[in-house]
Structures are given as structure tokens and as C-alpha cells.
1. Please return the ranges of strands (runs of 3 or more DSSP E) entirely within the stretch 51-108 where 1 or more residues are more than 16 Å from the ligand (Cβ to nearest atom) and more than 22 Å from residue 18 (Cβ to Cβ).
2. Any residue in the stretch 348-361 that's β-branched (Val, Ile, Thr): show its pairings with residues that are modelled with pLDDT of 90 or more and part of a helix (DSSP H, G or I) at Cβ separation under 9 Å, as long as the two are six or more apart or on different chains.
3. What are the pairs, 6+ residues apart or on separate chains, where a residue within the stretch 169-187 that is farther than 30 Å from residue 222 by Cα has its Cβ under 6 Å from a residue that is assigned to a loop (DSSP other than H, G, I, E, B)?
4. So which residues in the stretch 241-252 are open to solvent by 20 Å² or more (accessible area, probe 1.4 Å) and under 20 Å from residue 201 (Cβ atoms)?
5. Answer yes or no: is there a residue in the stretch 223-240 that is assigned to a helix (DSSP H, G or I), charged (D, E, K, R) and exposed (fewer than 14 other Cβ atoms within 10 Å of the Cβ).
6. Looking for something hydrophobic (A, V, I, L, M, F, W, C), more than 16 Å from the ligand (Cβ to nearest atom) and open to solvent by 50 Å² or more (accessible area, probe 1.4 Å) - is there at least one such residue anywhere in the stretch 118-127?
7. When both residues are 6+ apart or on different chains and their Cβ atoms are under 6 Å apart, which pairs have a first residue that lies in the stretch 294-309 and is under 14 Å from residue 284 (Cα atoms) and in contact (Cβ under 8 Å) with a residue 24 or more places away in the chain, and a second that is acidic (Asp, Glu) and buried (at least 24 other Cβ atoms within 10 Å of the Cβ)?
8. Pull out all pairs, ordered by first then second residue, where Cβ-Cβ is under 6 Å, the residues are six or more apart or on different chains, the first lies in the stretch 37-50 and is farther than 19 Å from residue 14 by Cβ, and the second is within 6 Å of the ligand (Cβ to nearest atom).
Amino acid sequence: MYEQNFTAPGRRVLISGASIAGPSLALWLSRYGYEVTVVEKAPALRGGGFAVDFRGHVHRTVLERMGIWDEVNRCQTHMGEQTFVDETGAEQMRLDPSFMSGDVEIFRGDLSRILYERTRDRVEYVFGDSITSLTETADEVHVTFERSAPRTFDLVVGADGLHSNVRRLAFGDESQFVHHLGYYVAGFDVPNHLGLDRTARWFNAPGRGVCLNNYGRDPRTAGVLMVFEADQPLDHDRHDLAAQKRLLAERYAGLGWEVPQILRALEQTDALYLDAIAQVRMDRFAKGRVVLLGDAGYGATMGGMGTGLAVVCAYVLAGELATHPDHKAAFAAYEARIRRFAEGCQRTAGGAGPMLAPSTAARIRRRNRTYKLLNAPLLAGYLDRLTVKSATAIELKAYPLPTPLAAAHTH
Ligand SMILES: Cc1cc2nc3c(=O)[nH]c(=O)nc-3n(C[C@H](O)[C@H](O)[C@H](O)COP(=O)(O)OP(=O)(O)OC[C@H]3O[C@@H](n4cnc5c(N)ncnc54)[C@H](O)[C@@H]3O)c2cc1C
């Protein structure tokens with residue numbers, strides 16, 4: 001379909017994970033002429049999830065080259081200010097939308113859907129399945145699955161998130177790579193009893209933050225985000241919903257503001273996200289014919305612009321594969337190009353927990369005083385430049401675009 005003016009080492013590629021990183025890579029590789037299969041554990045494309053954002057010219061350039069910039073803009077949240085309140089609901093400070101929402105903010109689920117729709121005709125998606133073993137030979141990788149019959153691929157990409165299955169199979173247990181940052185985050189939906197509209201309210205008690213938000217989608221529903229301190233990883237079963245609810249109810253027991261109502265609504269929910277705020281740190285992103293992309297290789301949970309990072313790194317990985325004669329050289333070039341960029345974004349993310357759940361009353365007051373100044377344009381501009389600095393700290397190479405894309409790509 002596309003004129004092949006580049007090399008394509010390893011033509012059959014299996015990608016594990018159909019969220020952001022996986023479908024972004026699938027988009028490029030399928031355009032470059034690879035046969036791409038994406039295997040996703042969930043029974044269908046996962047909707048929902050958090051609002052994620054793009055900042056600076058690097059994210060924008062890649063989204064433009066992917067041909068999805070306009071659609072991403074059409075789906076943006078247009079979230080307004082976020083207000084921090086005390087236990088009576090009185091305002092303590094407010095944050096400008098650009099600080100929390102970047103240049104363009106979109107729900108992870110919407111972005112995933114855009115990517116899926118752009119690739120589903122050229123990419124094989126297998127939902128409700130997971131890789132069970134990877135056996136590499138000199139020329140290929142033999143793969144077995146929970147449900148599908150065994151198959152053989154030239155390359156395997158782990159784009160399956162913070163708790164990556166491919167990383168575990170190829171590199172070892174996640175305890176070596178996933179570093180707890182001392183905080184947990186939980187998310188679920190509740191009735192929008194405050195009548196919020198494209199705005200959020202945050203309340204803090206020492207070591208705990210809770211946010212009610214409404215992104216303008218459904219006036220009846222509000223999102224809850226809870227961020228709390230936990231020095232050590234909690235010993236909880238990630239698949240036991242009742243135990244997770246008990247854990248949150250204990251942590252937030254006795255707090256004021258809207259917390260009692262939120263905890264009552266928590267009892268009714270059947271969709272709850274709860275995980276450590278953690279970072280993935282790897283000495284190398286590739287091993288043989290297996291390579292990691294996005295959160296699986298360098299995830300940062302909140303505040304690290306993980307979505308922009310995944311999209312940019314997918315562009316780089318595909319570009320390097322398309323312009324190198326073999327996967328070893330391509331993987332080495334990919335790692336050399338993105339490592340410092342990814343680590344810089346992770347460093348920016350390290351501040352999310354302490355900022356959203358300061359550990360003492362004095363620290364909450366200090367945070368409020370400092371962030372109040374954010375409304376002063378000079379300071380807001382300075383902090384904006386800091387985040388944009390990490391988001392743009394990579395020189396984008398102009399890889400050869402597949403011919404129909406090149407024709408469409410006039411800027
Ligand atoms: C609480 C929280 C807040 C965040 N806030 C932001 C933010 O404000 N801004 C931002 O840019 N980013 C944010 N992120 C990060 C962002 O969600 C990710 O960086 C982004 O989605 C890219 O991730 P990914 O595609 O690499 O992995 P993920 O989005 O985690 O997707 C991994 C996919 O792999 C699938 N999978 C898992 N196991 C298997 C398996 N065994 N087999 C097959 N498939 C599997 C999963 O179902 C999922 O679809 C946040 C993340 C969290 C957790």
C-alpha cells in the first residue's frame with residue numbers, strides 16, 4: 001500500500017497492550033509496512049481512565065505527524081480552574097487550567113479510541129488474551145498465549161503499562177524495576193452532588209488529598225481522585241475490590257469536607273482504580289528481540305507526562321526500526337535517543353505526591369502559600385516553562401514518512 005523507501009527489519013511485530021503506547025507504535029509500524037498484531041488483556045478497548053495532557057512543540061509535532069492533532073483537539077476536556085478548599089469548603093487557593101491540564105487535555109480512553117480507530121483496518125487486534133511465554137531463537141520469537149494458539153513473530157514490544165507482562169517475562173520480576181514513591185492514588189466515580197461543571201475541588205488533611213472533579217461530560221457524575229502517603233508498599237490484593245474499599249475507608253475515616261459522602265458512594269462503586277505512585281527504572285529497554293515502550297519501560301504514574309512520552313517514544317522506536325538494517329541497531333538508537341528525555345519526565349513527576357498530599361498541616365499551608373503565587377503571571381510562566389522544558393527535551397529526527405503521509409504532511 002505504501003511505497004517502501006526504507007528498510008523494515010523484522011516484519012512481524014507483536015505488541016502487548018492496546019492503550020496509548022501500543023496503538024501509537026502500531027500506527028507507525030503499519031504505515032511502514034510491518035505486519036502488526038496487538039494483544040490486549042482487557043476483553044475490549046478500555047474506555048475511561050484519567051485525563052492526560054500534551055505540552056510543548058514536541059508532543060504537538062508528533063501528533064501532527066501521526067495525523068491526529070485536530071481530532072485530539074476536538075476531544076479536549078476544556079477543564080477549568082482547580083480550587084483547593086478547607087474542611088468547610090472555603091477556598092484556599094486556585095490553580096490555572098494550564099498548570100494541571102497542559103496545552104491540550106484529553107481522556108486517556110478517548111485518545112486510545114482515536115488511535116484504535118486509525119489503525120484497526122491495518123492492524124490485527126486480539127482482545128481478551130495475554131502472552132504466557134516468549135522463547136527467542138536466532139531469527140524470531142515463539143510466543144504462547146492464554147487463549148490463542150502459539151505464534152511466531154520477529155519482534156515483541158511490551159507496551160503493557162507499569163505492571164508489564166512482557167517486562168516480567170523477558171526481564172524478570174517487577175520488584176526489581178518498579179520503585180514505590182511513597183504515595184498511592186485511587187480513582188472512582190460518584191454522584192456530582194456539588195454540581196461541579198468543568199472544575200475540581202481539592203481538600204487536604206495531613207498525608208491525604210481528595211479531589212472531586214467534573215470534566216463537563218456528564219453533569220450527574222463527578223470523578224474522585226485520592227492521593228495518600230504510604231511509606232512502604234501496601235500489602236493489598238489488586239484484584240480484591242472489597243479489601244481496596246476498606247483500605248480507602250480506613251485512610252480517610254474521620255475527615256471533614258465532602259469526605260463522608262464520598263466514602264458512602266465508594267461503597268456502591270464497582271469500578272475502582274488503586275495503585276502505588278511508582279516509577280519504572282530499567283538499565284536497558286531492550287533484550288534480544290524484545291523491547292519496552294511507554295509506561296512498561298519508563299512509566300511515572302502521575303505528573304510525568306507519560307502520555308506525551310509514550311507517543312513521542314513510539315514515533316522514535318518506529319522511525320529507528322524503519323531506518324536501521326537490523327533490530328539490534330534500531331533498539332540501541334531508540335534507547336540512545338529517548339533515555340535522557342524519559343528520565344527528565346520522570347524527575348518532573350516525582351513532585352506529584354508531595355504536592356497533592358503534603359504530609360503535615362504546616363506543609364499544606366506552605367504549599368497553599370506557594371501555589372497562590374501561581375496566579376501571578378510571572379511565576380505561572382516560570383513553572384509552565386519548567387514542565388514544558390522536560391516535555392521538549394528531545395530533538396525529533398525527521399524519519400522518512402511513508403509516501404501517502406508525506407504527501408499529506410505539508411507543514
Ligand atoms: C493515576 C494516574 C494518573 C496519570 N496522570 C497522567 C497525566 O496527568 N498526564 C499524563 O500524560 N499521563 C498520566 N498518567 C500516565 C498515563 O496514563 C500513561 O503514561 C499513558 O497511558 C501511557 O501508558 P501506556 O500505553 O504505556 O500504558 P497503559 O496506559 O498503562 O496501558 C497498558 C495497557 O496494557 C494492557 N495490559 C496490561 N497487562 C497486559 C497483558 N498481560 N497482556 C496484554 N495487555 C495487557 C492494559 O490493559 C492497558 O490497556 C497517569 C497514570 C496514572 C496511573
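The values are calculated or read from the model by the stated rules, or taken from the named source; none is laboratory data. This structure is a prediction, so every number in the text was calculated from the model and none was measured. FYI the Cβ positions are ideal-geometry reconstructions off the backbone, even for glycines, and counts take in every protein chain you see. For accessibility, only protein heavy atoms count, side chains too; no ligands or nucleic acids. Shrake-Rupley method; radii C 1.70, N 1.55, O 1.52, S 1.80 Å.
1. Numbers: elements: 51-54, 82-85, 91-95, 104-107.
Output list reads 82-85, 91-95.
2. Between residues of the stretch 348-361 that are β-branched (Val, Ile, Thr) and residues that are modelled with pLDDT of 90 or more and part of a helix (DSSP H, G or I), there is no close pair.
3. The qualifying pairs are 177/282; 179/281.
4. Filtering the stretch 241-252 for residues open to solvent by 20 Å² or more (accessible area, probe 1.4 Å) gives 241-243, 245-247, 249-251.
Hit for the stretch 241-252 is 251, nothing else.
5. Narrowing the stretch 223-240 to residues assigned to a helix (DSSP H, G or I): none.
No: zero hits.
6. Step one: list which residues in the stretch 118-127 are hydrophobic (A, V, I, L, M, F, W, C), which gives 123, 126-127.
Those left that are additionally more than 16 Å from the ligand (Cβ to nearest atom): none.
There is no residue in the stretch 118-127 that is hydrophobic (A, V, I, L, M, F, W, C), more than 16 Å from the ligand (Cβ to nearest atom) and open to solvent by 50 Å² or more (accessible area, probe 1.4 Å).
7. 296/160
8. 49/108; 50/108
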